[in-house]
Amino acid sequence: MADRIDDRQDDFFSRTFQTVSPALPRNFRKLPVRRKRELLRHLLELDPGEMESSGGDLLDLADVMVESALGVMPVPLGVAPGFLVDDHIVHIPLAVEEPSVIAAASFAGQLIARRGGGFTTTGTGQVMTAQIALDQPLPGAEEAISGAERELHKTLQGILAPMTQRGGGYRGIEVSRLPEEDMLVVYLHVDTCDAMGANIINTAAEALRAPLERLSGGSVLMAILTNAAPRRRARASFSIPLRHLARPPFDGPLMGERIVRANQFARADRLRAVTHNKGIMNGISALATATGNDTRAVEAAAHAHASRSGAYRALTEYRISGDHLEGELELPLALGTVGGATGLHPVSSLSLKILFMDPSMERSASRLGRIAVALGLAQNLAALMALVSEGIQKGHMRQHARRLAWASGARHEEIPLLAEDLWKQGVFNLDAAHRLLQTLRADYQNRSTASPGPGRTPGDHHAS
Ligand code: MEV
């Protein structure tokens with residue numbers, strides 16, 4: 001249905017605006033998505049282009065996926081091709097707005113594939129954990145709960161049947177006491193197979209509320225999964241001959257040493273560790289977005305893992321072994337290949353098809369987690385290689401030049417040409433981009449009115 005207002009709606013808007021203060025009607029949240037959009041268009045005097053950018057085919061899906069939907073926010077979807085993970089070639093789909101993320105991942109992924117024989121990964125399995133906090137339990141509650149494990153398991157059989165049929169399901173309970181708080185915490189472990197599993201584990205945890213209250217004599221304060229996902233970890237490592245790391249002005253062995261030192265810096269210094277780990281998550285979050293996974297859960301788990309010693313530290317480890325640099329990363333990763341937004345969103349489905357292009361690779365959450373951790377390690381290696389040699393700004397400014405070109409009005413073939421001009425001149429501001437775009441277009445006009453000859457051709461897509 002086209003986004004337009006008919007007379008009846010006009011009437012609705014004028015009535016609404018008379019009664020609303022300061023701007024949106026009280027029932028705005030409950031309006032159908034198209035009506036909300038029309039209202040905003042009216043109110044903010046948006047032009048159709050501004051509305052279209054947040055609309056499109058996915059509008060109805062957005063309305064189903066979240067409450068009070070207004071539209072969609074498209075982010076670029078790209079691919080970091082040619083990773084080699086456990087002898088499978090993998091092309092990794094990434095949805096991200098930051099310019100250098102895909103370029104950095106691709107660079108290091110291909111370096112490790114071609115010169116290091118690829119990444120090797122392992123995983124712990126897909127066990128999610130929920131916590132049921134019991135307030136003021138009676139003495140002996142731990143024993144009562146542990147002694148009733150069979151009964152508790154039985155309570156969950158129906159809920160967990162779909163997981164059990166797929167080879168997952170119940171994996172036990174544990175009890176621990178918070179003596180100072182006078183609480184008991186029951187940990188419920190469930191193998192959620194290829195689902196991220198938040199729904200199933202929360203349902204199971206809530207089903208234990210009544211039996212646990214009865215067994216403990218306390219009251220359930222809450223029952224909820226832990227996003228720390230401590231039993232859902234993946235690990236990736238690589239080993240690459242030092243000679244392949246050379247970057248001016250440093251030779252390979254010196255680069256290897258500088259990477260190890262950079263990692264030591266991030267293990268010793270919290271402020272650096274945050275940025276170091278943010279860089280690791282650049283790729284992982286982008287993969288989570290592309291595949292419709294919960295990026296906040298993945299981020300929270302990673303940062304909790306970084307603090308597991310009591311101090312917040314770098315997540316990676318690097319060492320020199322003989323004439324090789326070895327790198328390693330372990331992370332908890334609650335990622336799914338089925339369920340949630342992954343099962344609903346057509347872009348997730350596309351991303352998973354790209355990721356699991358190799359038919360010999362099983363399409364599983366375990367595999368997705370292991371690829372994600374290899375990606376995080378690649379992302380970190382690329383960042384460290386740049387940081388300990390020429391710095392990251394050179395690469396970033398190249399990408400920034402393309403954005404400036406777009407912002408100045410350049411389109412299509414004009415963009416790389418203008419970006420190159422900005423790069424050569426070393427000026428990165430909008431005024432310069434406007435000026436150089438005019439020169440580029442004038443140049444093209446002059447050339448096309450003179451005799452045809454070799455030269456730069458921005459094509460026929462000038463904005464008029
Ligand atoms: C930028 O998004 C990520 C880096 O800052 C990561 C790092 O410093 O390690 C380059």
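What follows draws every value from the coordinates through simple rules; no lab data is involved. Please read these numbers as outputs of a predicted model, since none were measured by experiment. Note that each Cβ is placed from the backbone with ideal geometry, even for glycine, and that neighbours are counted across all protein chains shown.
The simple Förster model, with R0 at 22 Å and r as the Cβ-Cβ distance, assigns ARG150 and ALA304 a FRET efficiency of 0.10. Calculate, for ASP87 and LEU254, the FRET efficiency according to 1/(1 + (r/R0)^6) with r their C-beta to C-beta distance and R0 35 Å; round to the nearest 0.05. Result of the calculation: an efficiency of 0.65. Net length available on complete extension from SER321 to ASN429 is 34.3 nm, with 0.36 nm assigned per residue and the Cα-Cα distance removed.
The calculated FRET efficiency for the pair HIS189 and LEU24, based on their C-beta separation and a Förster distance of 41 Å, comes to about 0.35. Based on Cα atoms of the chain, Rg over Rh with Rh as the Kirkwood radius reads 1.05.
Rounded to the nearest 10 degrees, the angle from helix 33-44 to the longest Cα principal axis of the chain is 50 degrees. Translational diffusion of the range 127-225, estimated by Stokes-Einstein from the Kirkwood radius over alpha carbon pairs at 20 °C in a medium of 1.002 mPa s, is 161 µm² per second. Gain on full extension, evaluated as 0.36 nm per residue between HIS244 and ASN202 minus their Cα-Cα distance, stands at 10.3 nm. Among residues other than MET281 with Cβ under 13 Å from its Cβ, the summed charge is 0 (Lys and Arg +1, Asp and Glu -1). Straight-line cross-link partners of LYS394 among the lysines, defined as a Cα under 22 Å from its Cα and at least 8 positions apart when in the same chain: LYS278, LYS424.
Annotation for the range 285-341 versus the range 187-224: alpha-carbon center distance of 26 Å.
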